[in-house]
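Taking it in order: structure first as structure tokens, then the write-up.
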Amino acid sequence: MRTLFIALTLSLTLFIGCSEKENPYGTVHFEGTVTLDGQSIEGVNVTLNPRGGANAAGGITNDRGKFTVNTSGFAGATPGEYDVTFTKVEIPGQDLSFEESQAQFGGRAPTPIYHIPKKYESARTSGIEPITITTDKKQNVFTFELKSE
């Protein structure tokens, strides 16, 4: 019985120790909502660009405009200050074969369709203030209200 107790204790200790080491970025939960002209928008790539030594994080909005982010495959973002950028670009014919694409576009690259204004692709032009992610999960919930040009 004592051997079983020791084995379970060691297993639990190793499990807890490993789980702390699994996420080398120290990420915390971060979530948000993106709207365009007051309407939720699906498929927007949200990127958190660090202003310091942190790693970038990103996520994609669902059909209600909600998203969470990941940092290098780990849930959340490292606490710090970030610029936030948004993109939703569709490339017509991207699911066509090479031959079908050649026939449809005559050998030219198709013109991308921007579903949100291009100004949101850059922190310099977006007009969105930098955000600060803290270790307090309650403060890491943001709403981004984008406007058409």
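Quick rundown of the values:
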item: FRET efficiency, 1/(1 + (r/R0)^6) with R0 25 Å, evaluated for E90 and T132 via beta carbons; result: 0.20
item: Highest-MSF residue in the chain out of F98, F67, F86 [GNM, Cα springs under 10 Å]; result: F98
item: Spacing of the two label points (7 Å from each Cα toward its C-beta) at E145 and A103, in nm; result: 4.8 nm
item: Under-5 Å amide H pairs with K147, H placed in peptide plane, nonlocal only; result: D37
item: Model label zone, T111; criterion: amide N under 20 Å from point 7 Å along Cα-to-beta-carbon; scope the range 36-54; result: none
item: Volume per residue of the C-alpha convex hull in the range 27-146, rounded to whole Å³; result: 128 Å³
item: Per-residue HN-Hα couplings for the range 31-40 [Karplus 6.51, -1.76, 1.60; θ = phi - 60°; Hz; x = Gly/Pro]; result: 9, x, 9, 10, 10, 10, 6, x, 10, 5
item: Net +/- balance of residues flanking D37 in space, Cβ distance below 13 Å, scoring K and R +1, D and E -1; result: -1
item: Stretch gain in nm, segment D37-A56, where the contour uses 0.36 nm per residue and the Cα spacing is subtracted; result: 4.2 nm
item: Cross-link reach list, aspartates and glutamates versus K66, counting only Cα pairs under 19 Å and skipping chain neighbours closer than eight places; result: E31, D37, E42, D83, E121, E145
item: Sum of side-chain charges, E81 neighbourhood, beta-carbon under 11 Å (Lys, Arg +1; Asp, Glu -1); result: -1
item: Pairwise Lys count, the range 73-149 - Cα closer than 18 Å, eight or more residues apart or different chains; result: 5
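Quick note: the coordinates plus some simple rules give every number you see, no bench work behind them. These figures come from a predicted structure and were not determined experimentally. Quick reminder, even Gly has a Cβ in these numbers, built from the backbone with ideal geometry, and neighbours come from all protein chains shown.
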